[in-house]
Amino acid sequence: MRVKICGITNSNDALSAIEFGTDALGFVFAESPRRVTKEQARDIIAELPPFVSTVGVFVNEKKETITDICKYCGITTIQLHGNEPPSYLEDMPRFKVIKAFRIKGEHDLETLALYKPHAFLLDSYVKGVMGGTGTTFNWEIAKKARKFGAIILSGGLTPDNVKEAIRAVSPYAVDVSSGVESSPGKKDASLMKEFITNAKWM
């Protein structure tokens, strides 16, 4: 099982996550307690060993800004967490693209058919919050979403429920942020280790 630790804000958390076996690190460039500047992200990424994927998280951002930030930091995968239309993804050919959707109900899956990202990230819908809510949603919906492509399961995952989530959905990957934090933007090493171990138990 592939694991992404999102909302990385410092090199200590990044290196600990890698030591514990994470596959990807997420850097938030949108309004959030976990937001980083491109300078901060570049400095952290410069310390990483090879073979670790880095993901830039953006919300309704201009394409030129995304390109500039990712080139500056060395990021090759982008996660679009806003209301970007399908055509937006087609205009970003140099990147691997994850398109995030906040799920309220099964009817939300109809929109997925319009998009062709490299993977879909399914998160919980909380009014006025674009992500990192710590809230789960109906995993049966996520299971049905697999027919549209690779699914990254997010939303309220913790060390305690990640095994159950993986059994229920069989996703391509799992994504966690607030579920392994001691405070917003600061990861708890023991929680990260437990989460990654539990996600990769098979």
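The values are calculated or read from the model by the stated rules, or taken from the named source; none is laboratory data. Worth saying up front: this structure is predicted, and the values here are computed from it rather than measured. Virtual Cβ from ideal backbone geometry, glycine too; neighbours counted across all protein chains shown.
The table below lists the values:
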| item | result |
| --- | --- |
| Within the stretch 159-202, tally of residues that are more than 18 Å from SER124 (Cα to Cα) and among the polar types (S, T, N, Q) | 5 |
| Matching entry among LYS96, LYS104 (being closer than 23 Å to GLY155 by Cβ, under 16 Å from the mean Cα position of the chain (by Cα) and of a type in the set (Lys, Arg)) | LYS96 |
| Given (1) touching a strand residue (DSSP E or B) at 6+ places or on another chain (Cβ under 8 Å); (2) of a type outside the set (S, T, N, Q); (3) over 22 Å from TYR172 (Cβ atoms); (4) surrounded by fewer than 16 Cβ atoms within 10 Å (Cβ to Cβ), number of the condition VAL52 does not satisfy | (3) |
| Subset of the stretch 34-49 (residues that are surrounded by 15 or more Cβ atoms within 10 Å (Cβ to Cβ) and either farther than 12 Å from LYS187 by Cβ or polar (S, T, N, Q) (or both)) | ARG35, VAL36, LYS38, GLN40, ALA41, ARG42, ILE44, ILE45, LEU48 |
| Long-range neighbours under 7 Å by Cβ, at least six apart or interchain, first residue closer than 24 Å to LEU122 by Cα within the stretch 61-82, second surrounded by 14 or more Cβ atoms within 10 Å (Cβ to Cβ) and among the acidic types (Asp, Glu) | none |
| Helices (runs of 4 or more DSSP H) lying entirely in the stretch 24-99 (those with 1 or more residues that are over 20 Å from ASN12 (Cβ atoms) and of a type outside the set (Gly, Ala, Ser)) | 63-73, 86-90 |
| Answer from ALA30, ALA41 - the residue that is farther than 21 Å from LEU89 by Cα, at pLDDT 95 or above and out of contact with any Leu (no Cβ under 7 Å at 6 or more places or on another chain) | ALA41 |
| Criterion violated by GLY74 - all others in (1) under 29 Å from ALA46 (Cβ atoms); (2) surrounded by 14 or more Cβ atoms within 10 Å (Cβ to Cβ); (3) of a type in the set (Gly, Ala, Ser); (4) at pLDDT 95 or above satisfied | (2) |
| Flag for LYS4 being free of Cβ contacts under 8 Å to residues at least 12 places away in the same chain and among the basic types (Lys, Arg) | no |
